[in-house]
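First up is the structure itself, then whatever we jot down about it.
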Amino acid sequence: MRCFALCALFLSSLAVSTVMVAQEPASKPEPGNAVCTFADDKQMSMRYERPSAGKKDELPIGKLWEPGDSPMHLFAETPLMVGNTEIAVGAYSVYFIPGKSDWTMIVNRNVAADSKYDQQQDLVRAPMETGKLPQAEPQLTVYFARLGPKQCNMRVDFGKVRAWVDFNEK
């Protein structure tokens, strides 16, 4: 009888643990973070989700793109310039409009959690150059290259596409 009770207890605990494991959400990729430090030790950084770049994950050409279904977030410790537009110290949402031969980066003032994109909050829409990568990137990757004491080049790799734009410290 004891053996039967122990077996029943073991099987019921196994069933509960199996149900618990089955209910765990699918693991999300690690969030990405890119940082650029200017010569005066002030930084800008980008935090973002890292969606996979598979055949079914085509870029939405000509349409607003939120990688990982959420905007990226730009944090500026120092005033920045993108083209002729100044970006003050603070936090911003970043979106993209991928094109066939170039992209547009949108820096938006709205950083409220779970808010929808609002074009009225756009601070700047900057053109981005693009190129082809020799090998496809399996996930979205964002990184900065410091090109000078006050200049960082943001690079966005997804699939076989690289897009880039310059940020300058004001």
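The values are calculated or read from the model by the stated rules, or taken from the named source; none is laboratory data. As the structure is a prediction and not an experimental result, all values here were calculated from the model. Glycine gets a Cβ as well: all are built from the backbone with ideal geometry, and neighbour counts include every protein chain shown.
Structural remarks
- Hits in region 75-102 (condition: surrounded by 13 or more Cβ atoms within 10 Å (Cβ to Cβ) and closer than 17 Å to Gln119 by Cα): Ile87, Tyr92, Ser93, Val94, Tyr95, Phe96, Ile97, Pro98
- Listed by first and then second residue, the pairs with beta-carbon distance under 9 Å, at least 6 apart or on different chains, first residue in region 103-127 and in a strand (DSSP E or B) and among the hydroxyl-bearing types (Ser, Thr, Tyr), second at pLDDT 95 or above and surrounded by 12 or more Cβ atoms within 10 Å (Cβ to Cβ), are Thr104/Tyr95; Thr104/Phe96; Thr104/Ile97; Thr104/Pro98; Thr104/Arg125; Thr104/Ala126; Thr104/Pro127; Thr104/Met128.
- Subset of region 68-87 [over 10 Å from the mean Cα position of the chain (by Cα), outside any strand (DSSP E or B) and under 14 Å from Gln121 (Cβ atoms)]: none
- The condition of being at pLDDT 95 or above and either under 18 Å from Pro31 (Cα atoms) or not basic (Lys, Arg) (or both) holds for only one of Leu74, Leu59, that being Leu74.
- Candidate set from region 48-70 (those that are of a type outside the set (A, V, I, L, M, F, W, C) and in contact with an Asp or Glu (Cβ under 9 Å, 6 or more places away or on another chain)); member that is surrounded by the fewest Cβ atoms within 10 Å (Cβ to Cβ): Asp69
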